[in-house]
Amino acid sequence: MPPPSIPAPQTERPATQVDAPVAVAEQPRQAETAPTPQPQHTEKRRPIFLPMAMGGLVAGLIGYGIAWTQAGMVAPVVGGDDSVQVQIDALRDDIAALPAAAPAPDMTGLEQTVTDLQAELTALQDQFAALPTGAADPAAPMVDEAAQDAAVQALSQQIADQTAALQAQRDELQSQLEAIRAEAETIQANAIAGARTETARAALARIQGAVESGAPMAAVLGDLGEALDGPVPDALSAVAEEGVPTMETLRETYPEAARAALQAARQSGEGTETDGGLGGFLRSQLNVRSTAPREGTSADAILSRAEAALQSGRLNDALAEVQTLPETPRAAMTDWITLAEQRAAAIDAVEQLDTNLTAN
């Protein structure tokens, strides 16, 4: 007969012995596979390989013992029931000699690491909660489009205002610069004009003296030409080398010119006296002329009035009277008329220059 059924006790006892190592082996696995928060920076962790290796070794020994026991039960036994019982007891002694459980791993470092990671996670959560609402979504903008447009418009308006202000300042400075430049040019022009006017006045004063004295005035006219804006009057340029005929010269040469004109009139019958008689005959024969002004249209009457105007300094009036003479007597006194006209023209030119310089 087969030996009594003893597998039940053998299976029950090893199961009791296996439970502890299995529990011990599962403890590091749970610690290894427990979800831990992933820190954003690498932490130095303590190795857990030794506890796992110890647990695996214990589990392997127990499994080997169970397998060896079952193999002994199935294998033929030569020694009978006592031999089997002896083998079972030896196996039980071997199993009892095994450590009851693997030494518990040191979890202090791992627990400290978990605590530090939890503290860092809490700090990161606090910082994340303090961020603006839009920061929760990295793809979302920090501010909405309306706020962005408003900010851009405000910045553009500020830039435009500053640009306009700078342009206004530039325009104002440019206006001031142009005004200062124009004022400086005006002052300079006035100074130059004033200097030229003073130079012209000084030259004109010298010309007036030359006109009265009849002296040449070519050099003085050169100074006047540099000071004037326009050319020197032709009336002065014509007498620059020889000088202007003086009133004294015209008065001294007038009687001879008047007698020549009167004789020409009597010979040509132009402008003779209308009265016949002895008086008219004697004047015609003796070439007598009137020295006192008298009325009439005869050559003698015209020449008498011209001489009276010349003696009183009224040169233009004297010339006006001479111009009324008939053609033959007027031609007879052409030289005197030329000198008188030169002086009259020079005096008119000097007066015109004086008027112009006074107006400036």
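The values are calculated or read from the model by the stated rules, or taken from the named source; none is laboratory data. None of the values given here were measured: they were computed from a predicted structure. A quick note on method: Cβ atoms are made from the backbone with ideal geometry, for glycine too, and the neighbour counts reach across all protein chains shown. Heads up: the accessible areas ignore ligands, DNA and RNA and are worked out on the full protein's heavy atoms, side chains in. Shrake-Rupley method; radii C 1.70, N 1.55, O 1.52, S 1.80 Å.
7 Å from Cα along Cα→Cβ at both GLU212 and THR113: what's the point-to-point distance in nm?
Reported label-point gap for GLU212 and THR113 is 12.9 nm.
How large is the accessible surface of ILE180 in square angstrom, using a 1.4 angstrom probe and rounding to the nearest 10?
ILE180 has an accessible surface of roughly 110 Å² with all protein chains in place.
According to a simple spin-label model (label point 7 Å from Cα along Cα-to-Cβ), what is the distance in nm between GLN153 and ARG294?
Reported label-point gap for ARG294 and GLN153 is 11.1 nm.
Can you list which of the GluC sites (Glu not before Pro) found in the range 167-257 are DSSP loop residues with at most 14 other C-beta atoms within 10 Å?
Taking the range 167-257 and a limit of 14 other Cβ atoms within 10 Å, the loop GluC sites (Glu not before Pro) found are GLU241, GLU242.
What list of ³J(HN,Hα) values in whole Hz, one per residue of the range 348-356 in order, does the Karplus curve 6.51 cos²θ - 1.76 cosθ + 1.60 (θ = phi - 60°) give from phi, with Gly and Pro shown as x?
Per-residue couplings from phi come out as 5, 5, 5, 5, 5, 4, 4, 5, 5 Hz.
Where only protein heavy atoms count, and the probe is 1.4 Å, what is the accessible area per residue for the range 311-358 in Å²?
I get 51 Å² per residue for this part.
Check which residues have an amide H placed less than 5 Å from GLY243's amide H, if you skip close sequence neighbours.
MET217
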